[in-house]
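A.B. asks: Please find one structure pasted underneath; my questions will follow.
Every number here is computed from the coordinates shown, using simple stated rules; none is lab data. As the structure is a prediction and not an experimental result, all values here were calculated from the model. Every residue, glycine among them, receives a Cβ derived from its backbone with ideal geometry; neighbour counts consider all protein chains shown.
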Amino acid sequence: MKVSDILQKLPVIKSDIVKDEEVNGAFLDSRLVRSGSLFFACRGENADGNLYAQKSLDTGAAAVIMDNESIYNEVKGSKLLVEDTLEFMQKLGRIRFDELHNSDKRVIAVTGSFGKTGMKEMLKYIFREQERVYATDGNKNNMLGVMLTGCGIDDKAGTVIIELGSNNFGEIKELTEIVRPNIAVVTSVGHAHIGRFKTFERLIFEKMSISDGLTKGGEFIIPTKLTPFVPKGDFKFRTFGESAYSGIRITEHTHHGEYITFKTNLTTTEFRINHPYMHIAENSLCAVYAALLSNIDEEKIARGLLEYKSAKGHGSFENIGDIFLIDDSYNAGFESFIKSTESLHLMTKTPKYAVYGEMGEIEGYEEELYNEICQLAFSYPDINFYLVGESYAKAKELENRKIFLTKDDCINAVKDIKNGIVIVKASRAKKFEDIVKVIKEK
């Protein structure tokens with residue numbers, strides 16, 4: 001889509017197209033704008049995005065969409081004036097997804113309680129070994145983010161990958177019916193955000209409803225344990241996981257400390273994932289399966305996986321002196337706590353520290369889930385657990401389990417760590433990046 005094509009899709013008050021460029025990307029934040037993208041200048045409670053229109057054009061935006069006429073008249077570059085920028089953006093996003101559905105492009109939609117952003121990135125790296133790829137930027141997976149992603153669809157891309165999230169019951173169904181993917185992926189279903197959905201069954205139903213938007217004969221890829229919950233539909237469902245009944249599974253693997261190599265039952269190639277978490281390797285099976293079903297050869301899949309890197313705060317890692325630091329401070333679903341602990345146990349470097357904070361939105365399950373995390377100290381005596389927050393207050397301290405009621409108390413203890421492996425993990429709201437920062441500065 002060129003900038004001028006927008007005028008054919010929706011009415012505008014006026015426009016001035018200085019350079020009719022191809023669009024690739026769309027943003028509401030001027031700091032993220034890159035060459036060829038659209039900037040939607042929206043009026044917010046604290047700031048007027050129209051004030052950043054000129055900055056966006058100077059950065060390389062293909063055009064800016066504005067709703068403040070006085071500022072519009074001062075801006076130099078390709079610009080469109082509309083009645084309401086946010087409303088215009090959402091309408092354009094829906095139109096672009098309708099056009100996508102009528103094209104020959106491959107559309108992949110990804111959801112899950114955790115791991116969906118990482119899965120989206122894996123798929124992006126793998127599929128771009130074969131063709132041009134357009135994917136959700138960051139983790140913009142709610143209605144606003146999906147519509148924004150739709151506005152910036154790159155017409156030259158052969159594969160489009162859209163991440164779908166949910167804050168309330170029914171959102172995944174609404175989003176998937178807009179996106180209408182050829183391939184739908186569920187990475188996991190866990191207790192993350194269960195407080196919003198009241199029961200685990202409703203949470204499962206929400207994630208599995210991504211299949212509602214699948215095109216006829218599409219592929220539905222899910223963890224094997226979710227097989228009993230597959231809804232009826234005109235699609236093919238595939239499974240991945242540890243079970244012998246999984247469509248794709250790891251048959252052998254080697255943990256090399258900072259990376260893992262593995263083979264699967266469907267391939268002959270040895271794959272390498274540059275991450276110390278075993279569950280990341282297991283999740284990558286889903287991406288490998290999607291690629292195989294799309295006729296991408298094993299060599300390209302292996303190259304794509306080799307390029308994958310976790311986003312900052314999503315399990316990203318680095319060596320800080322004698323400390324191997326895993327920054328998992330962005331989110332903290334219960335199941336991801338368990339999986340991270342299992343992976344830490346498999347690593348050979350010592351000593352090992354699990355700096356775990358509190359979870360968010362688990363109303364009604366707090367006592368059960370925090371008790372399970374506290375019990376990990378008994379199952380993994382090789383790991384030193386630093387549990388942070390009032391939710392752990394009832395637990396007694398052990399030789400390998402320390403309780404800190406505040407983040408500051410924990411920071412003081414972390415300063416004494418001189419070497420080994422340290423995982424820092426908590427709900428985003430707890431801002432455990434402060435602990436990560438202390439380790440790096442130290």
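A.B. asks: On full extension of the chain, what length is gained from residue 299 through residue 265, given 0.36 nm per residue of separation minus the C-alpha to C-alpha distance?
C.D. replies: The residue 299-residue 265 span can extend by a further 10.7 nm.
A.B. asks: Now for a different question. Calculated from DSSP H runs of 4 or more alone, at -39500 (n - 2.57) each and per residue, what is the 222 nm mean residue ellipticity of the chain, nearest 500? Working shown, then result.
C.D. replies: Details: 15 runs with 148 residues, N = 442.
The helix contribution divided over the chain gives -10000 deg cm²/dmol.
A.B. asks: Taking 0.36 nm per intervening residue step and subtracting the Cα-Cα distance, what contour gain separates residue 438 from residue 20 on full extension? Spell out each step's value before the answer.
C.D. replies: Working: separation 418, 0.36 × 418 = 150.48 nm, distance 4.77 nm.
That pair, residue 438 and residue 20, stretches by 145.7 nm at full extension.
A.B. asks: Let me ask something additional. For the chain, what does the relative contact order come out to in percent, with C-alpha contacts under 8 Å and a separation of six or more? Walk me through the numbers on the way to the answer.
C.D. replies: On the way: 953 pairs, mean separation 49.5, N = 442.
With pairs under 8 Å counted, the relative contact order is 11 percent.
A.B. asks: Something else about it: Kirkwood Rh, the chain, all Cα pairs: how many Å?
C.D. replies: Numbers: mean 1/r = 0.0431 Å⁻¹.
Answer for the chain: a Kirkwood hydrodynamic radius of 23.2 Å.
A.B. asks: Please list 3J(HN,Hα) in residue order for the stretch 243-255, calculated via the Karplus relation 6.51 cos²θ - 1.76 cosθ + 1.60 where θ = phi - 60°; whole Hz, with x for glycine and proline.
C.D. replies: Per residue, the Karplus-derived 3J(HN,Hα) values read 5, 5, 8, 5, x, 9, 8, 7, 9, 7, 8, 9, 8 Hz.
A.B. asks: Here's a follow-up. Gaussian network model of the chain, Cα springs within a sub-10 Å range: biggest mean-square fluctuation belongs to which of 142, 46, 419?
C.D. replies: It is 46.
A.B. asks: Each label point is 7 Å from the Cα along the Cα-to-Cβ direction; what then is the distance between the points at residue 31 and residue 372, in nm?
C.D. replies: 3.6
A.B. asks: Would you work out the charge dipole size for the stretch 316-441 about its Cα centre, treating the Cβ of every Lys and Arg as +1 and the Cβ of every Asp and Glu as -1, and quote it to the nearest 20 debye?
C.D. replies: So the dipole magnitude of the stretch 316-441 works out to roughly 420 debye.
A.B. asks: Now a separate question. Within 10 Å of each candidate Cβ there may be at most 12 other Cβ atoms; applying that plus a DSSP loop requirement, which GluC sites (Glu not before Pro) in the stretch 1-97 survive? Each step should come with its number before you reach the end.
C.D. replies: Values: sites: 21, 22, 45, 69, 74, 83, 87; in loops: 21, 45, 74, 83.
Passing both the DSSP loop test and the Cβ count: 45, 74, 83.
A.B. asks: What would the Debye equation give as log₁₀ I(q)/I(0) for the stretch 231-320 at q = 0.14, 0.20, 0.25 Å⁻¹, counting only Cα atoms as equal point scatterers?
C.D. replies: -0.52, -0.96, -1.34
A.B. asks: Could you sort the peptides 209-217, 249-257 by per-residue average Cβ neighbour count (10 Å cutoff), highest mean leading?
C.D. replies: On the way: 209-217: 18.9, 249-257: 14.4.
The peptides rank, most packed first, as 209-217, 249-257.
A.B. asks: How far apart, in nm, are the 7 Å Cα→Cβ label points at residue 252 and residue 104?
C.D. replies: 4.1
A.B. asks: Would you mind computing, in nm to one decimal, how far apart the modelled labels at residue 144 and residue 348 are, each placed 7 Å from Cα along Cα→Cβ?
C.D. replies: Here the modelled spin labels are 4.8 nm apart.
A.B. asks: Of the options 150, 230, 162, report the single residue whose Cα projects farthest towards the positive end of the charge dipole of the stretch 108-257 (beta-carbon charges: Lys, Arg +1; Asp, Glu -1).
C.D. replies: Result: 230.
A.B. asks: Across every pair of different alpha-carbon atoms, what Kirkwood hydrodynamic radius in Å does the stretch 3-87 reach? Present the calculation step by step, with values, prior to reporting the outcome.
C.D. replies: Numbers: mean 1/r = 0.0810 Å⁻¹.
Kirkwood hydrodynamic radius for the stretch 3-87: 12.3 Å.
A.B. asks: Sticking with this structure for a sec: Ordered by packing density, taken as the mean number of other Cβ atoms within 10 Å over each peptide's residues, highest first, how do 54-62, 155-163 rank? Could you put the intermediate results ahead of the total?
C.D. replies: Details: 54-62: 19.9, 155-163: 21.7.
Sorting 54-62, 155-163 by mean packing, highest first, produces 155-163, 54-62.
A.B. asks: Another question, if that's okay. Based on DSSP H assignment, which helices of the chain show an axial Cα extent of at least 18 Å together with a mean Kyte-Doolittle hydropathy greater than or equal to -1.0? Spell out each step's value before the answer.
C.D. replies: On the way: long enough: 85-101 (24 Å, -0.46); 278-293 (23 Å, 1.21); 334-346 (19 Å, 0.04); 366-379 (20 Å, -0.28).
Taking the DSSP H segments of the chain (at least 18 Å long, mean hydropathy at least -1.0), we get 85-101, 278-293, 334-346, 366-379.
A.B. asks: Extension gain residue 5-residue 431, at 0.36 nm per residue separation less the Cα-Cα distance, in nm? Let's see the in-between values first.
C.D. replies: Values: separation 426, 0.36 × 426 = 153.36 nm, distance 4.27 nm.
In short, 149.1 nm is gained.
A.B. asks: Lysine pairs in the stretch 115-245 8 or more apart or on different chains: how many have alpha carbons under 20 angstrom apart?
C.D. replies: Count of close lysine pairs: 26.
A.B. asks: What Kirkwood Rh does the stretch 103-307 have if only Cα atoms enter the pairwise 1/r average? Answer in Å.
C.D. replies: Numbers: mean 1/r = 0.0590 Å⁻¹.
Evaluated over the stretch 103-307, this radius sits at 16.9 Å.
A.B. asks: Under the definition of Cα pairs under 8 Å and six or more residues apart, what whole-number percent is the relative contact order of the stretch 103-307?
C.D. replies: Values: 416 pairs, mean separation 43.6, N = 205.
Relative contact order comes out at 21 percent.
A.B. asks: When averaged across all projection directions, what area in nm² does the alpha-carbon convex hull of the stretch 335-442 cover?
C.D. replies: Details: hull surface 25.5 nm².
Taking the Cα atoms of the stretch 335-442, their convex hull projects to 6.4 nm² on average.
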